[in-house]
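Report on one structure; see the data block that follows.
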Amino acid sequence: MTTSTASAPPAAPAVPATPATFTVAARAAWSSVVRAGETLTLTDLHGNQAVDFLVYDAADTTVRYSAPDTIHAQGGIFLTTGSVLLSNEHTPLMTVVADDVGRHDTVGGACSKESNTLRYGHHTWSQHACVDNFLAEGARWGLDKRDLVSNINWYMNVPVEEDGTLGIVDGLSAPGLKVTLRAERDVLVLVSNCPQINNPCNGFEPTPVEMTITAAHATHEGRAA
Amino acid sequence: MATATTYGARDHARAQAGTRADAMPVVPARDWAEPPCEAGHLVWAETVAGGNYTHRVLARGTELRLTDLTGSACAHLLLFVDGRPWERLNVADTVKVQWNAHLGENRLLLSDQGRVLASIVADTTGGRHDALCGTSTLVRNVRRYGAGTAESPSPAGRELFKLAAAKNGLTPRDLPPSLSFFQGVRISEDGDVRFLGPAGPGASVTLRAEQDVTVLIANAPHPSDPQDAYVCGPLEVLAWRAAPTGAKDPLWDATPEGRRAFQNTADFLASRGIQ
């Protein structure tokens, strides 16, 4: 009996050996499995670069990052050291174990060609956007549009005023600032290195960022702790 | 009444007809005692118990009024385009595009495709709603109340959404972050979430469907509700035929972002042959 290739899931990209460092080009997507106990360090190489980020339970991708669960569990909208990234089933996916910046966004979601038409006008339609990165990169792991939910924006600064007014304002990051996340189970991470050029989230000039996966019980540089 | 035979069991079942419960749909909806519109225009009339759920497909232009009868309901809401459920409520776009985290009168509920799913046309609460904290989960309700499954005394909103979704051919993958009405939340300058609680008995909010939408509603305590007990009162749900927002309505032009969202919606519907 033969198996239909049409119904076979896409071959998932290999899980990297650690330590492993990847440079994500400006405007590009990236993804990886990070195994339980390993850490993922994001480095804002040039400063003020928003990194759109989704995380899934690698064993069951229906369990995925939930901005609302993360917000109501910690009682606040900003992420920093100690924040636990919770799933839609309220289970821990990753924990922020180090943060040079102090404030990251859970509210603003990803830019898209569609929302850009509302925010700036239809002249932006041909510009690349994070949702397209997420769709293309997610497809490599068998994910589709239904699997995209409100995401984290590392390094993005989105204050909320007393009257509810919110907006993406000038960033707090600077060249070389890092955020380190520890995987609380085997997770799949999707990244869009944000290509937005119509607001200050990338200082109006998208730049590369660096991703480093480090083995459990090791430091950023890969040495045993 | 004897139920030992099929005839007896049938008589027993039929004798229950006409029983009234505090929480139930009234069918047909036009039989609802005090309609907020012309009686013949009512298309959905239901009281949803605390810890329960409901769902409907609403035609474009239908208005949907939710009422917190006792001041202790919390209406968690999700919207999907009928027949194309991959276009659905996007809370992040809803708050980002409109430059505001609060929900209230004249706010639009946006899809991930730059279009309007529904607009908020009336709100007696002064915006005591929430777009940031989502709904409750089984894990958290077990921790807080001792149980969280749908059949338990303290069902989690997400468990109720899963059932409502399943009845519309949708799975847990299809459930994005949701909105909730009647239990307000505010954000302080340092980002802290402050729970305001209810606006009081009789508070209502009215939505208008701007496309044909599948509506899922879970009535469950807000996840930040500080009470030890699972307290959730009945939610009244009434919907009636009305008209979608048109280009001459003030709401159409209320903001430049909203105008483009209405224009995108109208353009999309026009190309499908829907006026």
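Computed values, structure above
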| quantity | calculated |
| --- | --- |
| Hey, A:Asp69 crowded, with 24+ Cβ neighbours inside 10 Å, modelled with pLDDT of 95 or more, under 20 Å from B:Pro172 (Cα atoms) and within 14 Å of another protein chain (Cβ to nearest Cβ) or not | yes |
| In the range B:161-181, the residues that are open to solvent by 30 Å² or more (accessible area, probe 1.4 Å) and of a type in the set (Gly, Ala, Ser) | B:Ala166, B:Gly169 |
| Test: residue in the range A:148-168 that is in a helix (DSSP H, G or I), at the interface with another protein chain (Cβ under 10 Å from one of its Cβ atoms) and open to solvent by 30 Å² or more (accessible area, probe 1.4 Å) | no |
| Scan of the range B:1-17 for residues that are in a loop (DSSP other than H, G, I, E, B) and open to solvent by less than 70 Å² (accessible area, probe 1.4 Å), ordered by number | B:Ala15 |
| Index of the failed condition, B:Gly197 passing every other in (1) surrounded by 19 or more Cβ atoms within 10 Å (Cβ to Cβ); (2) within 23 Å of B:Ser72 (Cβ to Cβ) | (1) |
| Residue match in the range A:93-113 (condition: within 11 Å of chain B (Cβ to nearest Cβ), over 18 Å from the mean Cα position of the chain (by Cα) and surrounded by fewer than 22 Cβ atoms within 10 Å (Cβ to Cβ)) | yes |
| Candidates B:Gly273, B:Gly246 - the one that is at positive phi and surrounded by fewer than 17 Cβ atoms within 10 Å (Cβ to Cβ) | B:Gly273 |
| Matching residues, the range B:182-194, being crowded, with 17+ Cβ neighbours inside 10 Å, out of contact with any Ser or Thr (no Cβ under 9 Å at 6 or more places or on another chain) and among the polar types (S, T, N, Q) | none |
| Qualifying positions in the range B:146-173 - charged (D, E, K, R) and either more than 9 Å from chain A (Cβ to nearest Cβ) or over 27 Å from A:His104 (Cβ atoms) (or both) | B:Glu151, B:Glu159, B:Lys162, B:Lys167 |
| Selection within the range B:117-149 - of a type in the set (A, V, I, L, M) and crowded, with 16+ Cβ neighbours inside 10 Å | B:Leu117, B:Ala118, B:Ile120, B:Val121, B:Ala131, B:Leu132, B:Leu138, B:Val139, B:Val142 |
| Residues of the range B:254-275 satisfying the condition of being more than 14 Å from chain A (Cβ to nearest Cβ) and part of a helix (DSSP H, G or I) | B:Leu269, B:Ala270, B:Ser271 |
| Any hit, the range B:131-140, residues being within 8 Å of chain A (Cβ to nearest Cβ) and under 15 Å from the mean Cα position of the chain (by Cα) | yes |
| Residues located in the range B:183-238, provided they are under 18 Å from B:Thr125 (Cβ atoms) and among the acidic types (Asp, Glu) | B:Asp225, B:Glu236 |
| Every residue from the range B:180-212 that is within 22 Å of B:Glu236 (Cβ to Cβ) and either of a type in the set (Ser, Thr, Tyr) or in a strand (DSSP E or B) (or both) | B:Ser180, B:Phe181, B:Gly184, B:Leu196, B:Gly197, B:Ala203, B:Ser204, B:Val205, B:Thr206, B:Leu207, B:Arg208, B:Ala209 |
| Selection status of B:Thr62, over 25 Å from B:Ile187 (Cα atoms) and open to solvent by less than 20 Å² (accessible area, probe 1.4 Å) | yes |
| Residue check for B:Asp112: surrounded by 19 or more Cβ atoms within 10 Å (Cβ to Cβ), within 13 Å of chain A (Cβ to nearest Cβ) and either farther than 28 Å from A:Asp132 by Cα or at pLDDT 95 or above (or both) | yes |
| The listed residue being modelled with pLDDT of 95 or more, part of a loop (DSSP other than H, G, I, E, B) and among the β-branched types (Val, Ile, Thr), out of A:Thr207, A:Thr212, A:Thr180 | A:Thr207 |
| Residues of the range B:234-245 that turn out to be in contact with a Cys (Cβ under 9 Å, 6 or more places away or on another chain) and either at pLDDT below 95 or assigned to a loop (DSSP other than H, G, I, E, B) (or both), as a count | 2 |
| Residue match in the range B:183-205 (condition: touching a Pro at 6+ places or on another chain (Cβ under 7 Å) and polar (S, T, N, Q)) | yes |
| Scan of the range A:80-119 for residues that are of a type in the set (S, T, N, Q) and part of a loop (DSSP other than H, G, I, E, B), ordered by number | A:Thr80, A:Thr81, A:Ser83, A:Asn88, A:Thr91, A:Thr106, A:Ser112 |
| Extreme residue, nearest to B:Arg128 (Cα to Cα), among residues of the range B:87-106 that are free of Cβ contacts under 8 Å to residues at least 24 places away in the same chain and surrounded by fewer than 24 Cβ atoms within 10 Å (Cβ to Cβ) | B:Glu105 |
| Meets criteria (of a type in the set (A, V, I, L, M), open to solvent by 50 Å² or more (accessible area, probe 1.4 Å) and out of contact with any strand residue (DSSP E or B) (no Cβ under 7 Å at 6 or more places or on another chain)) for A:Leu135 | yes |
| B:Ala23 being farther than 30 Å from B:Gly246 by Cβ, open to solvent by less than 50 Å² (accessible area, probe 1.4 Å) and not in a helix (DSSP H, G or I) | yes |
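The values are calculated or read from the model by the stated rules, or taken from the named source; none is laboratory data. This is a predicted model, so every value here is computed, not measured. Positions of Cβ are generated from backbone atoms using ideal geometry, with glycine treated the same way; all protein chains shown enter the neighbour counts. These accessible areas exclude ligands, DNA and RNA; they are computed on the full protein's heavy atoms, side chains included. Shrake-Rupley method; radii C 1.70, N 1.55, O 1.52, S 1.80 Å.
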